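Heads up, the thing below is written out as C-alpha cells.
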Amino acid sequence: MARASGVFIVAVAALAGCTEWVAPRPGLTEQDQALLSSMVLRGMPVDPRNEYLDDAAVAEFGQQLFFDRGLSRVVLPDAGPMDGGLTDGGIDPLDAGYVLTDTGYPLATQGVACVHCHVPAAGFSDDRTARNVSLGLRWTARNSPTVLNVAFYEWWGWDGRADTLWGQSVHAYDSPATMGGDPLRLARALAARYSDRYRALFGELLPDLDDARFEPPRAPDAEAELRRIYDRSMKAWAAYMSRLNSFDSPFDRFAQGDDHALGEGARRGLTLFFGKAGCVQCHRGPMFTDNQFHSVGLGQTGLNVPSVDKGRSSGLDLLKKLPTAFRRVADVPAPTESDVGRFRTKSLRNVSLTGPYMHAGQLETLKDVVWFYNRGGDRDGLGTPSVFMEPLGLTESEQSDLVLFLESLTGQPPDARWSCDNSRETVEGMERRFGAPCAVIP
Ligand code: HEC
Ligand code: HEC
C-alpha cells in the first residue's frame, strides 16, 4: 500500500469501476496493473429490460428450448437438397442426427436445436465440424461462437446483428441456415410440447393454435398473442444463457492477487498482451473486447465459406430488421463504406475451448492466431485493416508465451444443472454429443 500514489488509485478506480485495491506486483507497471484490475469478471449480468432474467424457472424453460430439436423446421428427405450441403468439412452427419441422401447431402430429419451448434462439452461452441462453419438446416455463413458469458456482451453476432441477447435469440431461431423458425411455428411447437409448463410459468393458456385465427390472414388479436409467446420465449432463451457463466480463470485469480495462479510463461504472455503485442488495444475490459468493429484483413477461405462477407455492414442491416421491442438502439444508422469488412472484437474468455478461430474459422489453433497477428494480419478481406495491424516482431518463444496467456483465460465450467438436457425428449444416441439428460446428472 505504501507504494501507491494517489494518482494510481484514481486510475484503477476509474478503469475498474470500483475502488477495490489489489497490491501491485513486481514486474508489472502501474498502467498494466490498472488494466489488469479492470479485466476481472464477476457477478451476474444485468439487463433491466428482460423481466425474466432473475427467474430460474423461466431460465429452466429456456434450457428446455435450447436442447429441443422439435422447435425447428424439419427438412424432409423429399424436400430436395439444401444449398451448399456437401458433407465434406469433417462432420459425421449420422452422428450429428442427419441422414444422407444418395447424392451425399445431409438432411436434418429430426430437426435442429441450439445445442447442436453450441455444444456444452465444446465450451458451448461447435465441435461437430472439423473446421470453419456449422451445419444447421444448411451450412451457416460463419463459425459458431461460444455462448459462455454471452450475457456480458454489448453486441451479439460476429457483425453485431443484435444489441440485446433476446434479439440475438430471434436471429438464432429464425435464420434459414440454423432452425428456420417463425412465431407461428414456435407457438405451435410449444402448444404441442410444453403447454402445461408454459401455463405454469406465464399464467395464461396457450391459445388453440388450430384456430383459424392463426392462419393467414390472421386476426389482430392472434398477431398480438403470437408476438407475446415469441417475446417470452426469446427472453427465456436469454435468461437461460445468462446462467452459462464461466468465471474464476487462472487469469482472474492472478488479477485478484494470487501470484501463483499464472505460470512464468503466461505471465510473460500477459506483459506482451498489454505491451509489445498490442492485443489490449482492442481486447480490453472484463470481456477482452472494446465492443467495437475492426478489420484484421482475413480472407474468406475454407470449406463451405461464402466468398463475400460484408461483416458489420450486413450486421447493421440485420439489426434494423429486428422489431424495435427486441433492440436497444432505436434508430439504426445506415451502414457506410467503412463498416464493410469489419467484425466485432471477439471476447477471448474460454478461447482455448472454442477453436477453430475467427468469423469463418479461418485459423485452426491459437498458435496460428498469434502467428497471424505477428505477421501483421492479412490484406485479403473487404475494407481497410485497422491501423493496429502491423508486424509485431515477436520471437518464437514470445509467441508461445502469448498462447500460454490465452490458455489462462479458461474459467470454471457453469453449474452442471445448466449443461444437461432437460428438454421434453432426448433423442436416443445423441446424449454423448449434446449432454446427458438432467436426471442422470449426479
Ligand atoms: C446451425 C448452427 C446454429 C444453431 C442451430 C444455433 N446457432 Fe447460435 N450461432 C451460430 C452462428 C454461426 C453464430 C454467429 C452468427 C453470425 O455472426 O453470423 C451464432 C451466434 C449466436 C449467439 C451470439 C454469440 C456471440 O458471440 O455474439 C448467440 C447468443 C446464439 N448464437 C444463441 C443461439 C440460440 C439461443 C440458438 C437456438 C435458438 C442458436 N444459437 C442456434 C450457429 C448456430
Ligand atoms: C484491431 C483490433 C485488434 C487487435 C489489435 C487484436 N485483435 Fe484479436 N480480434 C479482433 C477482431 C475484430 C477479431 C474478429 C476478427 C474476424 O473474425 O474477422 C479478433 C479475433 C481474435 C481471436 C479469435 C477469437 C475466436 O473466438 O475466434 C483471437 C484468439 C484473438 N483475436 C487474439 C488476439 C491477440 C492474441 C492479439 C494480439 C496479438 C489480438 N487479438 C489483437 C480485433 C483485434
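The relative contact order of region 258-409, computed from alpha carbon pairs under 8 Å that lie at least 6 residues apart in sequence, is 36 percent. Dipole size of region 178-263 about its Cα centre, with +1 on Lys/Arg Cβ and -1 on Asp/Glu Cβ: approximately 160 debye, rounded to the nearest 20. The HN-Hα couplings worked out from phi for region 335-351 by the Karplus form 6.51 cos²θ - 1.76 cosθ + 1.60 (θ = phi - 60°) are x, 10, 4, 6, 7, 5, x, 8, 10, 5, 4, 6, 4, 10, 5, 6, 5 Hz, whole numbers, x standing for Gly and Pro. Maximal additional length on extending the TRP371-ARG42 stretch stands at 115.3 nm, based on 0.36 nm per residue less the C-alpha distance. The gain in end-to-end length when the ALA224 to THR109 segment is fully stretched comes to 38.3 nm, 0.36 nm per residue minus the alpha carbon separation.
In this structure the amide hydrogen of GLY311, modeled in the peptide plane, comes within under 5 Å of the amide hydrogens of GLY341, none closer than 5 places in sequence on its chain.
Please name whichever of VAL351, GLN292, GLY263 sits farthest to the positive end of the charge dipole of region 201-352, dipole taken about the Cα centre and charges placed at Cβ: Lys and Arg +1, Asp and Glu -1. It is GLY263. For region 309-362, treating each Cα as an identical point scatterer without solvent, what Debye log10 I(q)/I(0) comes out at q = 0.14, 0.16 1/Å? Result of the Debye calculation: -0.51, -0.63. Using only alpha carbons, region 248-407 has a radius of gyration to Kirkwood radius ratio (Rg to Rh) of 1.01. Projecting the Cα atoms of LEU244, PHE254, TYR230 onto the charge dipole of region 211-265, computed from C-beta unit charges around the Cα centre, puts TYR230 farthest toward the positive end. For GLN31 and ALA436, the FRET efficiency from 1/(1 + (r/R0)^6), where r spans their Cβ atoms and R0 equals 45 Å, is about 0.45.
Around the amide H of VAL119, modelled in the peptide plane, lie the amide H atoms of PHE124, SER125, ASP126, ASP127, all under 5 Å away and 5 or more residues distant in sequence or on another chain. Which of the lysines could be linked to LYS235 by a straight reach, that is with a Cα gap under 25 Å, when you skip same-chain ones fewer than 8 residues away? In chain and number order, the partners are LYS320, LYS321, LYS346. A Förster distance of 25 Å, applied to the separation of the beta-carbon atoms of THR301 and SER400, puts the FRET efficiency at 0.50. Computed from phi, the 3J(HN,Hα) profile of region 56-63 under the Karplus parametrisation 6.51, -1.76, 1.60 (θ = phi - 60°) reads 5, 5, 5, 4, 5, 5, x, 5 Hz, with x in place of Gly and Pro. In this label model, GLN281 and PHE388 are separated by 0.7 nm, measuring between points 7 Å along each Cα→Cβ vector. Applied to region 158-166, the Karplus parametrisation 6.51 cos²θ - 1.76 cosθ + 1.60 on θ = phi - 60° returns per-residue 3J(HN,Hα) values of 4, 10, x, 6, 9, 10, 9, 5, 6 Hz, with x for Gly and Pro. Using the average count of surrounding beta-carbon atoms within 10 Å as a protection proxy, the listed peptides 401-409, 320-328 rank, highest first, as 401-409, 320-328.
None of the figures in this text is laboratory data; all of them are computed from the coordinates on show. Just so it is clear, the model here is predicted, and its values are computed rather than measured. With ideal geometry, Cβ positions are generated from the backbone for all residues, glycine too; neighbour counts draw on all protein chains shown.
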